[in-house]
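Worksheet: the structure to be examined is printed underneath.
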Amino acid sequence: MNKLSHSDADGKARMVDVSDKPQQHRMARAGGKIYLQPETVELIRENAMKKGEVLSISEFAGISAAKKCSDLIPLCHPLLLTDVKVKAELQNDGVYVEAMVKCTGQTGVEMEALTAVNVALLTVYDMCKAVDKTMRISDIGLLEKTKK
C-alpha cells in the first residue's frame, strides 16, 4: 500500500506540494443517486414542489459547489476550473446526478466532481424533505478521471 499523500513524515496533515508537477488538461466525472418515493418523483415531474423546479436548481447548486470545493475540504487546492457540467435526471425511483469537471492544472478535479454530485443531491433532499421522509442518497462515486 502506498503512503498517504496528505501526511508529512511525522504523520501530520498537510497540503500536497504540486509545484513540480506539470500543467495538464484534467477531467473527472462523478455520479450518484437519491432514491425517492413515487409520489415525490411525480411532484418533481409536474414541477409542483413548493421550493421550485428541483432539477435545474440542483444542477446550479452542483456547479456552485464544484467552484467552492477548496473552501469546503481543507486540503484541496484551489483550482481554476475551465468547465463544470452537472446533469440531474429524473428516474422512476429518484434522481440520478452526474457531474463533469475540467481544468488545466497540476492536480486533478475528482474532488470537485464528487462535491458537485453531493451538493446537487443534498439540494434535491432539501427541496423534497417536506414531502418525503424516506429519501436516501446513495451510490456516489468517481466514474472517470483523465489527464493529458
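Derivation of every value follows stated rules applied to the coordinates shown; laboratory data play no part. Since the model is a prediction, treat every value here as computed from it, not as a measurement. Cβ atoms come from the backbone with ideal geometry, glycine included; neighbour counts cover every protein chain shown.
Observations, loosely collected:
- A simple rule links phi to the HN-Hα coupling: the Karplus curve 6.51 cos²θ - 1.76 cosθ + 1.60 with θ = phi - 60°, which for region 22-31 gives x, 5, 9, 6, 10, 9, 9, 10, 9, x Hz, with x for Gly and Pro.
- Straight-line cross-link reach from Lys51 at under 22 Å between alpha-carbon atoms covers these lysines, not counting any fewer than eight positions away in the same chain: Lys33, Lys87, Lys129, Lys133.
- Candidate cross-link partners of Lys50 among the aspartates and glutamates, defined by an alpha-carbon separation under 14 Å and a same-chain spacing of 8 or more, comprise Glu42, Asp126, Asp132.
- Backbone amide hydrogens, once placed in the peptide plane, bring Leu36 within less than 5 Å of Gly94, Val95, excluding anything fewer than 5 places away on its chain.
- Other-chain or far-sequence residues with amide H under 5 Å of Leu143's (modelled H): Arg29, Ala30, Gly31
- When only the Cβ of Lys, Arg, Asp and Glu is charged (+1, +1, -1, -1), the dipole of region 15-148 relative to its Cα centre reaches about 280 debye.
- Note: region 8-148, Cα convex hull, 116 Å³ per residue.
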